[in-house]
Amino acid sequence: MADVLIVQLPSPPGKNVFREWSGGMGTAVDSARPEWGHDTGYYDVPYAAYLYIARRLNDIGIAFAYFDLQARPRLTLEEFDTLITDHQPRALVTQVNLPSLESDLMLVARARRAVPELKVVLVGATAKWFKTRILAEGLADVVMEDNEELLVAENVAALLANTRERLQACSVQHDGAPQKIAARTPMKDLDFVDFPAYELLDFTRYESAYYGGHRVRYATVFTTKGCPYTCGYCPYPYGFGHRLIYRSPARVGSDIERLKNEFGVEQILFRDQVFTINPKHARAVCEELIRRDLKISWVCETRYDIIDESMIDLMARAGCSEIHYGLESADETMFAKVAKTDGPKSLDLFEKTIALTRARGLRAHVHLIVGMPDESRSSARNTAKWLRRVRPDSVQTAYFIPYPGTPLYDELTRSKELGDVANIPWEQLGAFSGPVIPSRHLTKSGIARARNRIATDWKYSLADRIVNRIRRMSGLEIR
């Protein structure tokens, strides 16, 4: 029997939770599914830290089993209980997420009831934020603070040996309050495993036509993890750390070559928060891929202000097919004040970067956040107007979420001008389902209308927009 279960929890009824997005806080979309499980057809990604944790457990000789319960379209609570009782693990490693917080905690509690002596280690940003409650309610023995890829295995070993003094990089309950234990073993890089435990994944689940238009098998890879920027809305620094850590270009190349040869992977989604944040490292990764001649396509995300024509050219030669850029808002005031506070604040430079990307034959995808505190009808119109002129290949429009651990969350919690942000019913949260707070100028319904308008109007000519306005006024569907 396995001493440890690593479990990716199922999505709760009525929702599909994407657990690694938003720095591990998670995002969600609504579902008509009345059962636990997860709907198929999405571009899902695994929680990558589990692949490092599993390899470290194997390296130090602890028997484990991995279960991705989101790989099951349907799951009953009785089946979940049976999974735990049949394996009788000594320790459980799992995570909780904002959009499914109460449901996730309920499953963790069921696991502890099924195996009363079970030790629970929770990973991820949400558990870290809610550690006071989680530890006080006895739902976990350890909540990881950082370095989870490296140190979860060591902490599990300490729990199984009842040597609490060996714990590190975590919080535990002590004298009625969380006690934070510092990391004594620094995670200097991501090279401490030869190959993350990709063999645990069912790759038939990771096939999609979402990027590129034809169905391919894909995998996620980190060449760096962490983000030192201070964008007010972004949960990645809190979730993945402010400090950059690297996986060496040689190991990245080896990972991708093995993923292609051993698992039939044809596409890579680099999960770096900012792929070109260190141009020297990004160039070395590209040169390694070119040297290996893997003929594999890949997608990444970066910033408009730390990429240039020569980098785009090198990325294209290395197999890049699409670059994602975080625009957030194309209203000049909002862009400078909120969206890109630590960049050159230049929409002109952003426009040039989109043009360079498309000129090299790469798709330029833009991320928008609608409903930030200063959003107004005017700012939404300005964003749509800019998009119509610049013409990125695709645009994703998400609602603003005041994620815990972000500067905007702290600001809005203190001011309370947009409501009691600290007590948002997080189970209603999803970056795409609907706004959770108003802006200073728009109600929640007004924000929803602004998002819908941007999502449709940026694609159309003036004549098309006039026709669509008439159709909207008549209650007809927009074509």
Yes/no for GLU287 being open to solvent by 60 Å² or more (accessible area, probe 1.4 Å), in contact with a Lys or Arg (Cβ under 7 Å, 6 or more places away or on another chain) and farther than 27 Å from LEU150 by Cβ: no
Members of the stretch 5-37 that are buried (at least 22 other Cβ atoms within 10 Å of the Cβ), closer than 23 Å to VAL156 by Cβ and touching an Asp or Glu at 6+ places or on another chain (Cβ under 6 Å): LEU9
Residues that are under 27 Å from MET187 (Cβ atoms), open to solvent by less than 50 Å² (accessible area, probe 1.4 Å) and under 26 Å from the mean Cα position of the chain (by Cα), drawn from the stretch 56-82: ARG56, LEU57, ALA65, TYR66, PHE67, ASP68, GLN70
LEU92 vs. criteria under 29 Å from ASP194 (Cβ atoms), touching a residue at least 24 places away in the same chain (Cβ under 8 Å) and not in a loop (DSSP other than H, G, I, E, B): yes
Residue among GLU148, GLU137 that is open to solvent by 10 Å² or more (accessible area, probe 1.4 Å), closer than 24 Å to ILE62 by Cα and at pLDDT 95 or above: GLU148
Where a residue in the stretch 46-75 is of a type in the set (D, E, K, R) and its partner, wherever it lies, is assigned to a helix (DSSP H, G or I) and crowded, with 22+ Cβ neighbours inside 10 Å, with Cβ under 7 Å and at least six apart: ARG56/LEU150; ARG56/ALA153
Filter result for CYS234 (of a type outside the set (Gly, Ala, Ser), closer than 26 Å to LYS188 by Cα and open to solvent by less than 40 Å² (accessible area, probe 1.4 Å)): yes
Hits in the stretch 152-205 (condition: open to solvent by 50 Å² or more (accessible area, probe 1.4 Å), aliphatic (A, V, I, L, M) and under 28 Å from ALA71 (Cβ atoms)): LEU200
Flag for GLY253 being within 26 Å of ASP44 (Cα to Cα), open to solvent by 10 Å² or more (accessible area, probe 1.4 Å), of a type in the set (Gly, Ala, Ser) and not in a strand (DSSP E or B): no
Residue match in the stretch 90-110 (condition: closer than 24 Å to PRO404 by Cβ and among the acidic types (Asp, Glu)): yes
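The values are calculated or read from the model by the stated rules, or taken from the named source; none is laboratory data. Just so we're clear, the structure is a prediction, and the values are computed from it rather than from any experiment. Cβ coordinates were reconstructed from backbone atoms using ideal geometry, including for glycine residues, and neighbour counts include every protein chain displayed. Heavy atoms of the whole protein, side chains included, go into the accessibility calculation; ligands, DNA and RNA do not. Shrake-Rupley method; radii C 1.70, N 1.55, O 1.52, S 1.80 Å.
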